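All of the numbers you see were taken from the coordinates with simple rules; none came from a lab. Please read these numbers as outputs of a predicted model, since none were measured by experiment. We place every Cβ from the backbone using ideal geometry, glycine too, and count neighbours over all the protein chains shown.
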Amino acid sequence: VPVSPSNEQTSTPSLTPVNIPEVVPPSETLPPTDTSTPTPQPEPAYVPPQYLMDVTVDYDAHIIDVIQQITYTNSTGQKLETFTLAVVPNQTSGVFELQKITIDDKDPSKYELTGQKLEITSEKYLAPGASTQIDITYRLNLPAAEQGDPNIVRPAIFGYTSRQTNLTDWYPMILPHDPKTGWLLNKPGLYGEHLVYPRADYDVILRFRDIIIPVVAASGELQYIDSIGHYILKNGRAFAISMSRDYQTFSAEVDGVTITSYFFPIMNISGQAALDATVQAYQTYTGLFGPYHHKTLAVVQGDFNDGMEFDGLYFLSNAFYNLYDGSPKNYLILVAAHETCHQWWFGRVASDQANEPWMDEAISTYCEKLFYETNYPELVQWWWSYRIDYYQPSGYIDVPLYDSGGFTPYTNAVYRMGAHFYQDLRTEIGDEAFFAFLKDYSTQMDGKIATSADFFRILRQHTDKDLTHLLAEYFRNPK
Ligand SMILES: [Zn+2]
């Protein structure tokens with residue numbers, strides 16, 4: 001069911017990257033000795049928001065108490081008075097309990113929490129380049145997240161099941177800021193993802209009230225263990241945590257990165273296969289797109305349907321573990337290839353998941369093909385027919401989430417036609433230009449929020465082929 005088009009974000013499909021030209025004193029912009037050649041503007045300085053979170057978990061009571069501090073540096077080039085944060089857990093009443101909020105140690109002149117939106121107004125303006133500190137104390141009363149029919153309801157990830165607790169999009173988060181339209185907070189859709197994540201640094205302390213502490217999978221590197229976990233994630237998009245008393249683990253070390261598979265008992269074979277596929281995918285994509293920026297990557301068996309990417313952590317559905325048949329021809333392996341790819345196209349290069357969902361989903365689906373092509377070339381034809389063409393996909397790939405007409409038309413257009421677009425583009429411009437483009441696109445947009453305009457701008461730097469026909473076939477609004 002399409003979400004109401006009254007969402008104001010649907011009318012502004014392009015998002016300006018969060019990097020804004022830095023304010024330079026006039027004396028530096030005009031060198032006194034030479035005024036004939038304009039000085040190129042340096043790349044704008046973006047200072048990632050700093051999250052400090054002290055998290056106390058009562059695992060058995062399903063209660064999380066958080067003292068959170070965000071240090072936000074104004075890189076917008078504008079004076080800011082109001083700060084809008086996303087508080088996704090507050091979409092469900094009774095889950096998010098706000099206890100205290102201050103800005104620079106003072107009460108805000110006003111604040112309002114409505115649904116997923118928290119608006120904080122400061123007593124005084126924050127000048128461009130200046131920093132402010134937002135302190136929020138809150139409690140999460142976690143919801144039970146038992147999975148319903150995946151054709152009717154979205155995967156329930158946040159919350160607890162009888163054997164797992166997942167903290168995903170669980171904290172008040174800073175949004176990207178567009179100089180024209182302000183803070184970018186998309187409305188949630190009935191399926192798919194809606195948030196846009198600016199790059200940020202996370203420093204998270206995790207304590208437990210319980211005597212028996214669960215095994216923890218988290219985004220970020222664990223600094224020490226002494227009944228207190230201390231996790232660091234630099235230049236991350238989101239900080240996710242998954243906990244269970246039942247987790248077993250297998251780990252592998254690749255290029256100094258520790259990849260760990262977390263799975264439930266008696267799933268050793270599937271747990272090992274998920275790890276092996278992630279290692280293979282990791283090696284395939286570092287070769288194609290450039291390095292992975294974190295020290296750890298967690299692969300977690302999720303007690304819900306479907307896979308889901310976060311930064312430094314992704315989930316694979318329980319169902320894939322149960323159905324794993326020991327071969328590479330199944331959803332455990334192909335979705336591992338997909339979600340690992342999101343570490344580049346979501347993590348390294350972010351995009352607007354609601355208004356331009358093809359930006360990360362089309363390439364992550366095509367990555368599955370690249371994974372098979374590299375590691376199991378004899379299975380490429382199987383992949384096309386089993387994963388893509390069986391569904392007889394159709395539709396324009398640049399459809400916003402809200403206009404996509406239901407989960408199956410959405411995935412058929414954005415994911416499956418998206419994979420065909422990448423294959424046809426590759427055939428049209430040739431392997432050399434295609435892979436040079438992907439690596440350059442990943443490098444130029446590293447740490448930023450990419451738009452389709454960035455995609456086509458960088459593509460044009462790698463080919464002068466006439467793509468009119470190709471783009472008209474796949475895009476509602478060809479560039
Ligand atoms: Zn995906």
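Computed quantities for the displayed model
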| item | result |
| --- | --- |
| From phi via Karplus (6.51, -1.76, 1.60), per-residue ³J(HN,Hα) for the range 68-76 in Hz, x at Gly/Pro | 10, 10, 10, 9, 10, 9, 6, 9, 7 |
| Within the chain, helix-based [θ] at 222 nm, where runs of 4 or more DSSP H residues each add -39,500 (n - 2.57), nearest 500 | -7000 deg cm²/dmol |
| Computed FRET value (nearest 0.05) for Gln381 with Gln91, which takes r as the C-beta separation and R₀ as 41 Å | 0.45 |
| Of Leu185, Pro478, Asn375, farthest towards positive along the dipole that unit charges on Lys, Arg, Asp, Glu beta carbons give the chain | Leu185 |
| Vicinal HN-Hα couplings computed from phi for the range 204-220 (Karplus, 6.51 cos²θ - 1.76 cosθ + 1.60; Hz; Gly/Pro x) | 10, 9, 10, 10, 10, 8, 7, 6, 9, 7, x, 6, 10, 10, 9, 5, x |
| In sequence order, calculated HN-Hα J values of the range 434-440 (Karplus, 6.51, -1.76, 1.60; Hz; x Gly/Pro) | 4, 6, 5, 4, 4, 5, 5 |
| Student exercise, the chain dipole from Lys, Arg, Asp, Glu Cβ charges, in Debye to nearest 20 | 320 |
| Residue order, fewest to most beta carbons within 10 Å, for Lys369, Lys110 | Lys110, Lys369 |
| Antiparallel bridge percentage (DSSP; both residues within the chain; nearest 5) | 75 |
| Greater than 24 Å apart at Cα, pairs in Lys295/Lys439; Lys187/Lys448; Lys100/Lys187 | Lys100/Lys187 |
| Stretch gain in nm, segment Val47-Asp60, where the contour uses 0.36 nm per residue and the Cα spacing is subtracted | 0.9 nm |
